[in-house]
Structures are given as C-alpha cells and as structure tokens.
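Worksheet: one structure, shown below.
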Amino acid sequence: MNLIDTFNLDIRALHAFVTVLDEGSVSRAAVKLGVSQSAVSHTLERLRNALGDPLFVKSGRGIAPTQYALQAGPHIRQILDDMHSLASGPAFVPETTELTFTVAANDYERDLLLPKLMQRLRQQAPGMLLQVIPSGIPTADMLRKDVCDLILSPHAPEATDVMQRGLMADRMVVFYDPSQRQAPESVPDYLEADHIALVFARGEKPALEASLSASGFTRRNVITVSNFSGLPEFLRGTDMLVTAPERMSKHLLRDFSWVPLPFTFKPFTLLMVWHRRNQNDSSHRWLRNQVNAVAATMNGLNE
C-alpha cells in the first residue's frame, strides 16, 4: 500500500466507493452519483492503487466486494460522516453551552432588544454570556477583526463579506415636553427651536443631519450627547426638541409627547449584521434566531 496515495484520496472518491458498495453495481452507482460509468471505474482504479486491494471482483454478471472492501466500508462511512459533521460545525446544545457573544449596539438597539434577548438566554442557554459594546456607525472591520460577533444597527457596512437581516422598521419623530411647549407644526417651527442632537463617541453623526443639510435646512443644536440615554434629562422641563426613533416612546422617552417630523425623512430598518464566516456556525445561527424571535414578538408576529 502506498501511504502517500492513501492520504491523497479525496472525499468524492470515498463517496463513490461507498455508493458502489451499496448499489453492488458500477453502472447503478454512476446513475446515483450523476457521473459516467467510466468515471466511476476510473475512481475505483485509483482506490485500488492507493489501498492495494481489488475492492470489487467479478461475480457472475455483476461484481462482489472483497473482504477488505467489506471491512473498510464502515470505516470509510465514518470518515464521510466525520467530514460532514466538520463542514456543518460541532453540535450546539444551548442548555450546556458556555460561550460569550459580543454584540455591538448603541443604546437605542440595546435597550429595545437586548433585555428581552437576555431573558431568553437565561431560560434556554444559562451558560451563555452577553457582552454589549457601543457600535456608533459600525464598520465591517468590527466583524472582520472579531471586535464583535454581531451588530445591531440601522447602518449596515457595505461589504461583500458581511451579511444582514432586517429586524423591524422605525421612523424618526420629534419629542418635546408638553408642559413647556406646543408641538412644532411646521418646518419653520422645527428649525427655529433649540435642539438636543446626537453625535456618536467617534464623532459620527446620524443620517438625519446629512439629510437636513442636503435639504438646505439649518437647525440650532444647543447641546450634543454621545448616546440616546442622555436625552431625557436634558429634554425634561425645557422647550427644546429631540428627534429620535418613534419606538423610544415605549421606553426611554415615554414621559414625553411626540409628533411626526414636519418634513420628509424616510423610515429606516433596524438590522442584524454578521460576518459571512459565521453564517453556518451552529451557535451563532442559534443566537441570530433568538434575536429574530425577539424582534418578531415586538412586531406582533408569532415566533
């Protein structure tokens, strides 16, 4: 037996051997494999040379496996099963897993989705730990360099190695303290007011700022904060305005009134973003399914 040739065998050759063994016929195996009969015969010849055994011999009008082939069959099937398991990734058991996942999310996405996600994890995967870091305007390198495993953001990096899934829709609205002022009813009302604005920690500005500039609008931002959680206390008891996602009216900004923007600004979709290399990872896929289930419940859909 040529040991080097043995280790040079490919998976297709082993699969062909098992198929011939199962079918008891080169021609039937060729049909099942979707290749020519000569291709199967050529593959068997390679296997004979590598393994040092005829493998199949003529028996009447058909063929019969040698004793070596019969003994090797279970081992080769195990090799194929192991390779299949390797391609699919190791089995993932939520109840016994001990993994830490890092999710990049600003406080809007964090407060909206992650508390309910954590409730699910504690029930279904108590050994899974969640680490949350701010995303700002996320980049593909955050995923490529393993800064995080998953991004929750309306801003998906434009890259061919990054995948995404829409979770829920939202829109920007105007919040105000009704004890201090009336709702802005027009574009001039909005632009003449003092505003509390958001500028992320790395200096990135939300898309609204660029949209205002593109429309030729200028508003007076008297204070900027680096995250949404700074908005309520600055807004409370003042006549200022805050432009923020409508879903914040259910939690962070629930103490305030809101009205739609007095100008056109398209709604946005909150996205779940991950790197392509994790697409088929069983634990990563399970976590993505949990995030999607939380979003589906919030959208009024059944899991």
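The values are calculated or read from the model by the stated rules, or taken from the named source; none is laboratory data. Here the structure is a predicted model, which is why all the values come from computation and not from measurement. Backbone-built Cβ (ideal geometry, glycine too); neighbour counts: all protein chains shown.
See the values below:
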{"quantity": "Filter result for A169 (within 26 Å of R276 (Cα to Cα) and surrounded by fewer than 14 Cβ atoms within 10 Å (Cβ to Cβ))", "calculated": "yes"}
{"quantity": "Strands (runs of 3 or more DSSP E) fully within region 20-129 counting 1 or more residues that are surrounded by fewer than 16 Cβ atoms within 10 Å (Cβ to Cβ) and basic (K, R)", "calculated": "56-59"}
{"quantity": "Residue count, region 264-282 (criterion: polar (S, T, N, Q) and out of contact with any strand residue (DSSP E or B) (no Cβ under 8 Å at 6 or more places or on another chain))", "calculated": "4"}
{"quantity": "Scan of region 200-215 for residues that are without any contact (Cβ under 8 Å) to a residue 40 or more places away in the chain and crowded, with 16+ Cβ neighbours inside 10 Å, ordered by number", "calculated": "P206, E209, L212"}
{"quantity": "Test result for D146, among the acidic types (D, E), farther than 14 Å from Q290 by Cβ, surrounded by fewer than 18 Cβ atoms within 10 Å (Cβ to Cβ) and touching a Ser or Thr at 6+ places or on another chain (Cβ under 9 Å)", "calculated": "yes"}
{"quantity": "Residue among Q71, Q131 that is closer than 30 Å to L55 by Cα and modelled with pLDDT of 80 or more", "calculated": "Q71"}
{"quantity": "Total residues in region 279-297, condition buried (at least 16 other Cβ atoms within 10 Å of the Cβ) and at pLDDT below 90", "calculated": "1"}
{"quantity": "Some residue of region 242-250 being out of contact with any Pro (no Cβ under 7 Å at 6 or more places or on another chain) and over 17 Å from Y108 (Cβ atoms)", "calculated": "no"}
{"quantity": "Selection status of R254, charged (D, E, K, R), crowded, with 18+ Cβ neighbours inside 10 Å, closer than 19 Å to A169 by Cα and out of contact with any Cys (no Cβ under 7 Å at 6 or more places or on another chain)", "calculated": "no"}
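Per-residue answers, yes or no, for (1) surrounded by 16 or more Cβ atoms within 10 Å (Cβ to Cβ); (2) assigned by TED's automatic domain parsing to the domain that holds Q290; (3) in contact (Cβ under 8 Å) with a residue 24 or more places away in the chain; (4) not hydroxyl-bearing (S, T, Y):
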position	(1), (2), (3), (4)
P154	yes, yes, yes, yes
E158	no, yes, no, yes
Y176	yes, no, yes, no
Q182	no, no, no, yes
F217	no, no, yes, yes
I223	no, no, yes, yes
E233	no, no, no, yes
